[in-house]
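Every read-out reported here was derived from the displayed coordinates using simple, explicitly stated rules and does not represent laboratory data. Keep in mind that this is a model prediction, so the values were computed, not measured. When we count neighbours, we look across all protein chains shown, and the Cβ atoms used for this are built from the backbone with ideal geometry, even at glycine.
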Amino acid sequence: MPGLNPFGLLTFHFGLYQLSVALAGGFVGAYMLKLGFSLPAALVLYAALLVVRFGLRFLALGVVRRLGLRGAMMAGAALAALQFLPLMLADIPAWLLAWLLVVSLAESLYWPVYHSAAAVIGGASRGRELGIRTAVGALVGVLGPLVGGMLLSRFGPAAGFGVAGLLALLSVLPLMRLPEIPAGRIPDLRQSMRLADRAAIATFAADGWMASGLAIAWPMVLFLALGSHYEAFGVANAAAGLVGAATGIACGRAVDRGERDRYLVLVCVALAMSFMLRVGVSWSPLAATMANATGAAVMGLYVPVLMSVVYDRAKRSGAAYGFHFSAEAGWDIGAASGCLVAALLTWGTGLPSLAVLPAALGIVGIYCCVRSRPAAVAPALPPRIRAA
């Protein structure tokens, strides 16, 4: 860590934290299925988690005002490390509820601050930085599933979740060296609601709706298609991570060259094809694995295109934390709604692969929200909300 600039420290933290997520967090849905939850029940559980997270973000706002932005992000990462203890006992309702509350509070603290930091730290080459972050996440997505699948299948949940918790705690160390995050003053509840960026909320809602299929339902569909084997699931996700790393770097460079709108059209078409593949191939383990790798390549293109728009708007707002606090409420609403619709469709048809289908509607929302407009500039916030 010595000699790392703020962007390097944030990226180092992101790599460690995402390794924890890839090593165990990515297996949570699979673990729920192993515990005996049906796919519709697991999707309803995720929807409940998102609703609780939406409510707890108002409690989290008070914590952030007390601890500051960097302190709140450190607290969120440390709290996320504690989620794995109740998770291992999630077949007992009281421990399942405890897990849901811990995860909800940890994420409501962590993600708005992290995205605020990513928006204001760096930004001179937004596309390159997002490409690096996407590539780091994708490469971590190679190692994490391989190790996580091996630990869970050979040594059990205590080993897999224990290592993931340790990595989440270690990810706090780079944050201790990070300077204060210049993301504007922290608004109170009334200010956060009055100054919400509606375009950003709509963008995040569309992304959340789509994530309900791609990031929540699909991993469980894939796990079922692979015979509910942790190691096979880990290998499939590792192969997908390798593909996603390459496309993330390429797309980031294109964004810096001013080609974001051209890539947006490509991404939307590729997303539509990815949904079709995922819906139609879950009957075959090989076909499902190939669809998973193809989807990862598409996500490597998608993330830099989407987040370059979001981070630029947040930075121009002058109050990046307030921007993300309200915008990510849209993500929770979109993802929770998508999970409930997916659960209903899967329960009604008995076909697991259809769980990803409703999320395809999010492509339209993403295209409408992300494409360039002459007036697409985040509103300036009053001086009392800006950083002193």
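Here the residues His229, His324, ranked from fewest to most Cβ neighbours within 10 Å of their Cβ, fall in the order His229, His324. The mean sequence separation of alpha-carbon pairs under 8 Å and at least six residues apart, normalised by the residue count of the stretch 6-385, gives a relative contact order of 28 percent. Of the labelled figures (i) 212; (ii) 161; (iii) 121, only one reflects volume of the Cα convex hull per residue in Å³ as derived from the coordinates, namely (iii).
Look at the alpha carbon pairs under 8 Å that are at least 6 residues apart: their mean separation over the length of the stretch 2-142 gives a relative contact order of 34 percent. Assuming charge only on the beta carbon of Lys and Arg (+1) and of Asp and Glu (-1), the dipole of the chain about its Cα centre is about 1020 debye to the nearest 20.
Membrane-span-like helices in the chain, defined purely by DSSP H runs whose alpha carbon atoms cover 15 Å or more axially and whose average Kyte-Doolittle hydropathy reaches 0.0, are 6-23, 39-81, 93-120, 126-154, 157-170, 198-211, 230-256, 260-280, 285-317, 320-349.
For the stretch 265-305, the list of chymotrypsin sites (Phe, Trp or Tyr not before Pro) that fall in a loop by DSSP and count at most 13 other C-beta atoms within 10 angstrom reads Trp283.
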